[in-house]
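Inspection log for the structure reproduced underneath, given as structure tokens.
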Amino acid sequence: MSFEARKKALRFLFGPAAGKLGYKFTPNEEDADFLLEQEAAIEAETGIPYCPCQARSKDRAENMRMVCPCIPFHRGHYDAMRRCWCGLFVHKDVTDPDGLRQIPEAGWRKPEGGAAGLPPR
Amino acid sequence: MKKVTIYALSTCLWCRKTKKFFEDKKVPFEAVDYDKQDENRQSEMLAEMKRSGCSGAFPFTRIGDACVQGYDPGEFERLLEKK
């Protein structure tokens, strides 16, 4: 299957899953296309569409936390950023993704309760 | 001029933007693509990132003694200017 076909397939597969989590593809079409292309290439190499911006290691359990869409494994962190780490997915109400910041996981304050975390003041 | 090192992934959009930020500012830097290294070097890189309190997410940029995880031009600017 060509990269173009696989990019379309990944888009088709990921959309509903992310939608149920309250996310959508970034409106920045150029970024979405680039990231899906990277994932199609990673999948062709490894067999799995891993996140293009997180390190894979020999720790398979840790690697599983980076299989796209990896939102469920980083829920509070991504909700605080209103986007996922690589930027492929944003919250459904986001219209200007370029205005969103990457907040390091260490810089994100885990909430006491269950609500989505807030970045430190 | 502070030493700038960028740990990156060749597939990462924000790593490309980070490299471009320093290129545009004509600040020399060393870039190491994690996914192009052998397993030993990868383990060293990850250990260094975790010692700095960061997860395995890229980009990871060291400016002098300070480090920044993620693409954060404001923080890059601040650290470059900081005495």
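Observations
- The set of residues in segment B:33-58 that are of a type in the set (A, V, I, L, M) and surrounded by 14 or more Cβ atoms within 10 Å (Cβ to Cβ) comprises B:45, B:46, B:49, B:57.
- Leading residue by the ranking (nearest to the other protein chains (Cβ to nearest Cβ)) among those in segment B:35-58 that are basic (Lys, Arg) and under 26 Å from residue A:103 (Cβ atoms): B:50
- Take the conditions (1) open to solvent by 40 Å² or more (accessible area, probe 1.4 Å); (2) more than 14 Å from chain B (Cβ to nearest Cβ); (3) in contact with a helix residue (DSSP H, G or I) (Cβ under 6 Å, 6 or more places away or on another chain); (4) not small (Gly, Ala, Ser); residue A:65 misses just one of them, which is (2).
- Each residue in segment B:59-72 was checked for being at the interface with another protein chain (Cβ under 10 Å from one of its Cβ atoms) and open to solvent by less than 40 Å² (accessible area, probe 1.4 Å), and 6 pass.
- The single condition among (1) surrounded by fewer than 19 Cβ atoms within 10 Å (Cβ to Cβ); (2) among the aliphatic types (A, V, I, L, M); (3) within 13 Å of chain B (Cβ to nearest Cβ) that residue A:35 does not meet is (1).
The values are calculated or read from the model by the stated rules, or taken from the named source; none is laboratory data. Bear in mind that the values here come from a model prediction, so they are computed numbers and not experimental data. Using ideal geometry, Cβ is built from the backbone for each residue, glycine included, and neighbour counts are taken over all protein chains shown. With ligands, DNA and RNA removed, areas are computed over all heavy atoms of the protein, side chains included. Shrake-Rupley method; radii C 1.70, N 1.55, O 1.52, S 1.80 Å.
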